[in-house]
Amino acid sequence: MKVEYVQPVAVQDDPIFRVRLWTPPARDGFAWSVDDWELTECDLDDVLDWARQHSEGNPFELYVRAGSPDFYHLRGRPADGGGTQETIILHTD
């Protein structure tokens with residue numbers, strides 16, 4: 001971890017949080033499902049409470065956007081660490 005002293009700057013009061021909720025596949029061989037939700041007018045503790053309640057024990061990811069169009073990853077990881085693979089077979093006539 002790198003720690004550096006910085007001067008105080010203006011802070012955005014209304015961050016936008018995004019919670020990505022992962023739902024396990026219905027059957028073996030199927031992919032995890034994911035739903036993204038945006039939460040506003042709340043703080044980090046509110047968002048964590050909401051995510052834990054709505055994830056029903058499944059993995060979730062948490063992002064924040066403040067002062068730029070980009071979302072920054074705060075915690076969590078995709079449910080399927082092995083990645084997703086889809087096989088498409090093409091045939092020619």
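Just so it is clear, none of the values below were taken in a lab; they were calculated from the coordinates. Predicted model, so just to flag it, every value in this text is computed and none were measured. Because the Cβ atoms are built from the backbone with ideal geometry, glycine has one as well, and the counts that use them run over all protein chains shown.
Going by how many other Cβ atoms sit within 10 Å of their own, how do T40, T92 line up, fewest first?
By the 10 Å Cβ count, ascending, the order reads T92, T40.
Using the crude model of +1 on Lys and Arg Cβ and -1 on Asp and Glu Cβ, and no other charge, please compute the dipole size for the chain relative to its Cα centre, in debye to 20. Each step should come with its number before you reach the end.
On the way: 8 positive and 18 negative charges, 73 e Å.
Dipole size: approximately 360 debye.
Using bins 5 angstrom wide from zero, how does P(r) for the chain break down, in % of all Cα pairs?
That works out to 2, 10, 18, 17, 15, 12, 9, 6, 4, 3, 2, 1, 0, 0, in percent per bin.
In nanometres, what is the gap between the two model label sites at D49 and R75, each 7 Å from Cα along Cα-to-Cβ?
With each label placed 7 Å out from Cα toward Cβ, I get 1.4 nm.
Specify the angular offset, from 0 to 90 degrees and rounded to the nearest 10, of the alpha carbon long axis of helix 44-55 from the longest principal axis of the alpha carbons in the chain.
The answer is roughly 20 degrees.
With an 8 Å cut-off on Cα pairs and a minimum separation of 6 or more residues, tell me the relative contact order of the chain in percent.
28
Suppose R0 equals 35 Å. What FRET efficiency, 1/(1 + (r/R0)^6) with r the Cβ-Cβ distance, do I89 and V9 give to the nearest 0.05? List each step's numbers first, then the result.
Values: r = 54 Å, r/R0 = 1.55.
Given R0 = 35 Å and the Cβ-Cβ separation, E is 0.05.
With the dipole of the stretch 16-75 worked out from charges on the C-beta (+1 for Lys and Arg, -1 for Asp and Glu) around the Cα centre, which of P25, W50, L74 lies farthest toward the positive end?
Result: P25, furthest along the dipole toward the positive end.
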